[in-house]
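Novice: Quick one: this structure, given as structure tokens, is what I'll be asking you about.
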Amino acid sequence: MFGILAFVTETALMMLEPVYQTYKGLEANETGEGNLDPEDWRRLLIHWIVYGAFRAVESLARPWVPFYDVVKIGTIVWLRAGGSETVYKTIIRPFLAEHEPDIDQWIEQLNRTRDTVMSATTALSSAVTADPDTINDGVPEEITIPEPVIPSSGSPAAASPAVTANPAEPISGEPNEEQRRKDQ
């Protein structure tokens, strides 16, 4: 019973109304009609930051908190009544400020990894879907694939130059002649 009430409370107070207010603010910016006050934007941004943190913690807390759904309903009502500002100022903001350089490095590493995966996926897709009649000798042209990101001792790796891969060359675990010259 409380599970359904918690779901309805969360949906109504934490999602529907803030989503609609965010939509109205974005549309007002686009059309130039009835723009949201900067304090309203700040309130909405704090809401989304706190709600994101709430959802992340919720998955960990659910099995350990007795009467979780009742606690959740109370927490949601408190957050919407002004508690979001308190949580942001006392917990989230200090945590993010302290760990900002580490988080930025982590995000940069994720972005480099994403770019590597996307490049490899594009290269593989091109190789698989290429028309053999348009490819010289059945071998696609050279494809540039970025080096994979391999962190060293917990820190993100420095950006690496791109590697040129030619599908016609056999793949080997041994460094090629060019790599041996670079290493010396």
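Novice: Could you list, in sequence order, the residues of the stretch 16-41 that are touching a residue at least 12 places away in the same chain (Cβ under 8 Å) and assigned to a helix (DSSP H, G or I)? Working first, answer last.
Specialist: Of all residues in the stretch 16-41, those touching a residue at least 12 places away in the same chain (Cβ under 8 Å) come to 18, 21-22, 24-25, 36, 40-41.
Those that are touching a residue at least 12 places away in the same chain (Cβ under 8 Å) and assigned to a helix (DSSP H, G or I): PRO18, GLN21, THR22, LYS24, GLY25, ASP40, TRP41.
Novice: Further question: Return yes when GLU33 is among the acidic types (Asp, Glu) and surrounded by 13 or more Cβ atoms within 10 Å (Cβ to Cβ) and no when it is not.
Specialist: No.
Novice: A further question on this structure: When residues of the stretch 47-74 are filtered for being assigned to a helix (DSSP H, G or I), open to solvent by 50 Å² or more (accessible area, probe 1.4 Å) and either hydrophobic (A, V, I, L, M, F, W, C) or in contact with a Ser or Thr (Cβ under 9 Å, 6 or more places away or on another chain) (or both), how many remain?
Specialist: 7
Novice: Then there's this: When the residues of the stretch 1-24 are filtered to those that are of a type in the set (Val, Ile, Thr) and under 25 Å from the mean Cα position of the chain (by Cα), which remaining residue is most open to solvent (accessible area, probe 1.4 Å)?
Specialist: Going through the stretch 1-24, the residues of a type in the set (Val, Ile, Thr) turn out to be 4, 8-9, 11, 19, 22.
Restricting the remaining residues to those that are under 25 Å from the mean Cα position of the chain (by Cα) gives 11, 19, 22.
Numbers: THR11: 32, VAL19: 80, THR22: 30 Å².
Within the stretch 1-24, the match that is most open to solvent (accessible area, probe 1.4 Å) is VAL19.
Novice: Checking the condition surrounded by 12 or more Cβ atoms within 10 Å (Cβ to Cβ), at pLDDT 90 or above and at negative phi, which residue from LEU96, LEU44 passes?
Specialist: On inspection, the qualifying residue turns out to be LEU96.
Novice: Looking at the stretch 99-124 only, could you name the residues that are open to solvent by 90 Å² or more (accessible area, probe 1.4 Å) and either farther than 30 Å from GLU10 by Cα or over 19 Å from the mean Cα position of the chain (by Cα) (or both)?
Specialist: Within the stretch 99-124, ASP102, TRP106, GLU108, ARG114, MET118, LEU124 qualify.
Novice: Could I ask something else about it? Given the structure, is GLY83 within 27 Å of the chain's Cα centre (by Cα), open to solvent by less than 30 Å² (accessible area, probe 1.4 Å) and without any contact (Cβ under 8 Å) to a residue 40 or more places away in the chain?
Specialist: Values: within 27 Å of the chain's Cα centre (by Cα): yes; open to solvent by less than 30 Å² (accessible area, probe 1.4 Å): yes; without any contact (Cβ under 8 Å) to a residue 40 or more places away in the chain: yes.
Judged against the criteria, GLY83 is a match.
The values are calculated or read from the model by the stated rules, or taken from the named source; none is laboratory data. Predicted model only: the values in this text are computed from it and were never measured. Cβ sites come from the backbone with ideal geometry, for glycine too, and all protein chains shown count toward neighbours. These accessible areas exclude ligands, DNA and RNA; they are computed on the full protein's heavy atoms, side chains included. Shrake-Rupley method; radii C 1.70, N 1.55, O 1.52, S 1.80 Å.
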